[in-house]
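Here is the structure we will look at, set down as structure tokens.
The values are calculated or read from the model by the stated rules, or taken from the named source; none is laboratory data. Computed from a predicted model, the values in this text were never measured in an experiment. Because the Cβ atoms are built from the backbone with ideal geometry, glycine has one as well, and the counts that use them run over all protein chains shown.
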Amino acid sequence: MTSTGGKPELAPTAIDAVLDLFKAAGHAFVSPPILQPADVFLDLTGEDIRRRLFLTNGTDGVDLCLRPDFTIPVCRHHLGLAGAGLPAAYCYNGPVFRQRPNGLGEIPQLGAESLGRSDIAEADADLLALSVQALDLFGVRDRIIRIGDETIFAAILEKLDLPSVWRRRLRDLFGETDRLSAAIGRMAGGSTPDDDSRDVRLGFLSALEGADPAAAHAVVEDLLSIAGISAVGGRTPSEIADRFLEQAALASGAQGHDKAAETLNAYLSLKADGATASDMLRGFATEFSLDLETPIAAFAKRLEALARKGLDPSSLTFSAEFGRRLDYYSGFVFEIHAPASGVEGPLVGGGRYDKLVTLLGAENDVPAIGFSMWLDRIAESSEG
């Protein structure tokens, strides 16, 4: 380990050893461009990343950004390869760029991605086990592995008697615990701490609700034009109008869903180690009369695959509310923390993004999973 400016850094030999591990597991090294088309990230990463992009413009006026993550650039690299087949696996090492309230926005990362494997449970286990092996090489042995599964949450939403706009909104908020809890409370007709400050906005939304969608859309766009607003947070006036109309529908449906709220709150409170999580989930499904056997069986199969990779399920922590704050994640997610080191944030974060490659232009669905490692946090946590 080395040190620069008083901060520990991982030795290049340690990074090379981890990359060799990834390559031996079949992951080809790639180095996607630092400059990326901004619209892709504005559309697919979610609010958290959108707020933190470093944006610029090309000479042709196209919006560009410094890559804020590697997953999307790696998938774009794959799609750009002539005759690229599946399955395919890649690894990478380099900086990502996200604005931070304190410190530089250049963050060193390395990681691995796996595209197109149909053996879903085995692929999930392989990638999580690979990240653990990498931490072993970096000297990080005191760790907590946290797992979650958005697939189960999505299956519950589909079983509940909710308007589609609420299903979509709640799924979008999965992984943001405070905002999700507030939305569920409002869905059941409860108040939220900022209700008074929202009176004017809700009055405007009430006026929009029930209006002809095309006319309401035009009203919002005209108001933005009068105010001289051409884009907000990367969104066009048309996209902002769509968001207002969605908020209007949410405001009009914010009552009478007490049973759905009770079910969701009960689910999101569930926590267990991996060895007992499947039984706990089945008990929840029975209590609330929900047919969740398909996603729970897939969850249990993944844990069996992890056990075969040497990861004892009892050492894993399952939390029903846990999701990762990137919109493209769609199923199994995981993070690895080193709490004893005092380092905030995960050392490793990853998960399944089965819809992303299709959204980027693939002709057919491509199951995919990957993970990234924060090298600055790992350096602070390493035992040498």
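A compact table of results
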read-out	value
The range 44-74, subset touching a helix residue (DSSP H, G or I) at 6+ places or on another chain (Cβ under 8 Å) and in a helix (DSSP H, G or I), residue farthest from residue 92 (Cα to Cα)	50
Residue match in the range 340-347 (condition: free of Cβ contacts under 8 Å to residues at least 60 places away in the same chain and of a type in the set (Val, Ile, Thr))	yes
Which listed residue, of 309, 301, 355, is surrounded by 18 or more Cβ atoms within 10 Å (Cβ to Cβ), of a type in the set (D, E, K, R) and in contact (Cβ under 8 Å) with a residue 12 or more places away in the chain	355
Checklist (1) over 20 Å from residue 110 (Cβ atoms); (2) more than 22 Å from the chain's Cα centre (by Cα) applied to residue 53, failing item	(2)
Residue satisfying condition, being crowded, with 17+ Cβ neighbours inside 10 Å, at pLDDT 95 or above and of a type in the set (A, V, I, L, M), within set 120, 144	120
Failed item in (1) polar (S, T, N, Q); (2) surrounded by 15 or more Cβ atoms within 10 Å (Cβ to Cβ); (3) farther than 25 Å from residue 13 by Cβ, with residue 109 passing the rest	(3)
Matching residues, the range 335-384, being of a type in the set (A, V, I, L, M, F, W, C), touching a Lys or Arg at 6+ places or on another chain (Cβ under 9 Å) and under 22 Å from residue 97 (Cα atoms)	336, 343, 347, 348, 360, 369, 379
Residues (part of a helix (DSSP H, G or I) and in contact with a strand residue (DSSP E or B) (Cβ under 9 Å, 6 or more places away or on another chain)) located in the range 341-376	356, 357, 375, 376
Which numbered condition residue 180 misses (of (1) modelled with pLDDT of 95 or more; (2) more than 30 Å from residue 381 (Cα to Cα); (3) buried (at least 19 other Cβ atoms within 10 Å of the Cβ))	(1)
Residue check for residue 101: part of a loop (DSSP other than H, G, I, E, B), buried (at least 19 other Cβ atoms within 10 Å of the Cβ) and without any contact (Cβ under 8 Å) to a residue 40 or more places away in the chain	no
